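Read through the structure below, which is laid out as structure tokens, and then see the notes.
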Amino acid sequence: MATVRAVFRNGLRHARILKQQPTASYSSVASADRKFNKPIDYATSTYLAHSPATALANKELSEEVRKTSTTKKMNLFQAINDGLSTVLDRDEKACVFGEDVSFGGVFRCTMGLQERFGGERVFNTPLTEQGLVGFAIGLAAQGHTALAEIQFADYMFPAFDQLHNEASKMRYRSGGAEKFTSGRLLVRMPAGGVGHGALYHSQSPEGFFLGCQGLKVVIPRGPIQAKGLLLSAVESPDPVVFMEPKILYRAAVEHVPTDYYTLPIGKAEILKPGKDITLISYGTLTYACEMAAKHAKEQLGLDVEVIDLRTVHPWDRETVFASVNKTGRCVVVHEASRSGGIGESVAGDVQENCFLRLEAPVARVTGWDVPNALQFEDFMIPDVCRKFPIHQPFQWIANTINRYL
């Protein structure tokens with residue numbers, strides 16, 4: 001008992017020390033002495049459409065949508081809601097279900113859907129991820145459109161067997177019999193850090209699906225993508241895991257076409273052409289890459305090409321390889337931990353396929369290989385400029401670009 005008390009007292013003492021010593025600062029806190037240590041201003045990001053004209057200028061939209069559609073200003077969760085509503089409107093066999101979806105869900109993505117479409121098509125499930133995903137697979141196999149929601153991506157692990165061994169393989173073991181596929185199956189889940197999620201509400205588990213052949217994993221960076229990729233996912237012959245960056249639910253706002261439209265799954269988007277280095281990311285960190293590319297141009301004179309993967313499994317090798325063969329340098333950025341992340345797959349394939357054109361090793365800027373502690377959550381997420389500790393500047397993306405020149 002004395003030993004237990006001693007360990008407890010020692011733990012408290014170290015906790016107080018950690019709390020008292022501000023050894024790190026993050027880009028969420030700007031100051032005059034940190035030229036690039038500034039919060040991301042989504043309202044000025046060129047990666048979001050801040051006017052109807054910009055939204056409808058998107059060349060991936062059909063000509064009809066570009067000419068005739070109106071737009072509406074939406075944040076990410078409103079665009080998700082609009083996409084789900086569109087599917088329910090167009091498809092009588094579509095059902096939305098999950099934990100607490102009937103009153104709108106934790107992040108309000110399903111708000112108002114039950115009132116509009118009824119309790120038989122929008123309904124709650126018990127708090128059992130393996131159960132709700134198993135139900136979704138069966139529903140899709142019977143010819144329905146299953147739109148399932150896992151409340152947080154951190155809790156997808158109990159359902160991993162259903163996704164990996166059942167959903168992803170059903171089409172391939174059915175002998176081509178359309179009746180027994182699990183297409184028209186979408187499993188949505190909020191993912192990533194938001195600043196106060198700690199161990200069980202901050203994870204980015206997309207890398208776990210890299211071995212799930214037959215399953216697609218999509219991560220949108222903004223409202224236009226969220227709606228368009230969601231509608232494409234529903235039409236996919238393969239089941240789709242749709243991970244929504246929590247921090248962008250309200251932060252990312254842009255004009256979204258109100259008509260039906262889709263965006264291609266499996267196709268990356270070149271956000272900024274460049275010739276000196278390829279910067280690859282997806283989801284939330286595409287905005288950090290935007291700032292890093294701007295910084296690299298202003299401070300280092302570098303012309304950075306920025307690529308948003310959008311679909312992280314299977315990711316667009318053709319676009320990435322073409323870019324790296326042009327620039328000769330590659331940095332992959334993601335919020336998930338370094339080990340087992342998407343960056344490993346990208347770095348390995350780029351190294352194999354672009355080796356003769358590479359001027360430097362492929363670099364990765366990622367989260368740490370440790371669980372998310374509440375007090376250090378901001379420190380977990382790769383940033384444009386991060387100091388650790390204060391007297392030893394450590395610029396993640398910018399320094400990585402500089403190091404591999």
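Any read-out appearing in this document is the output of simple, stated calculations on the displayed coordinates, not a laboratory observation. For clarity, every value in this text was computed on a predicted model and none was experimentally measured. So basically every Cβ, Gly included, is an ideal-geometry build from the backbone, and we count neighbours across all protein chains shown.
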query = Per residue Cα convex hull volume for region 85-139, in cubic angstrom?
reply = 76
task = Take each of the peptides 148-155, 337-344, average the number of other beta-carbon atoms within 10 Å over its residues, and list them starting from the highest.
result = 148-155, 337-344
inquiry  = With +1 on the Cβ of every Lys and Arg and -1 on the Cβ of every Asp and Glu, and nothing else charged, how large is the dipole of region 58-257 about its Cα centre, in debye rounded to the nearest 20?
reply    = 420
query = Rounded to the nearest 0.05, what FRET efficiency do Asp161 and Asp41 have when you use their Cβ-Cβ distance and R0 = 30 Å?
reply = 0.10
request  = Once you have the Cα-Cα distance between Asp100 and Asn124, take 0.36 nm times their residue separation minus that, and quote the gain in nm to one decimal.
outcome  = 8.1 nm
query = How long is the gain from Phe355 to Ala373 if the chain were fully straight, where each residue apart is worth 0.36 nm and the alpha carbon distance is subtracted?
reply = 2.7 nm
query = Full extension from Asp89 to Glu60: what is 0.36 nm times the residue separation minus their Cα-Cα distance, to one decimal in nm?
reply = 8.1 nm
query = Which order do Lys216, Lys59, Lys272 fall in if you start with the one that has the fewest other Cβ atoms within 10 Å?
reply = Lys59, Lys272, Lys216
message = What percent of all Cα-Cα pairs in region 58-257 falls into each 5 Å bin, going from 0 up to the bin containing the maximum distance?
response = 1, 8, 16, 21, 21, 16, 10, 5, 1, 0
task = Tell me the label-point distance for the pair Thr68, Glu344, using the 7 Å Cα-to-Cβ offset, in nm and rounded to one decimal.
result = 4.9
key: Which listed pairs, of Lys72/Lys169; Lys67/Lys326; Lys246/Lys275; Lys59/Lys246, have C-alpha distances above 29 Å, in listed order   = Lys72/Lys169; Lys67/Lys326; Lys246/Lys275
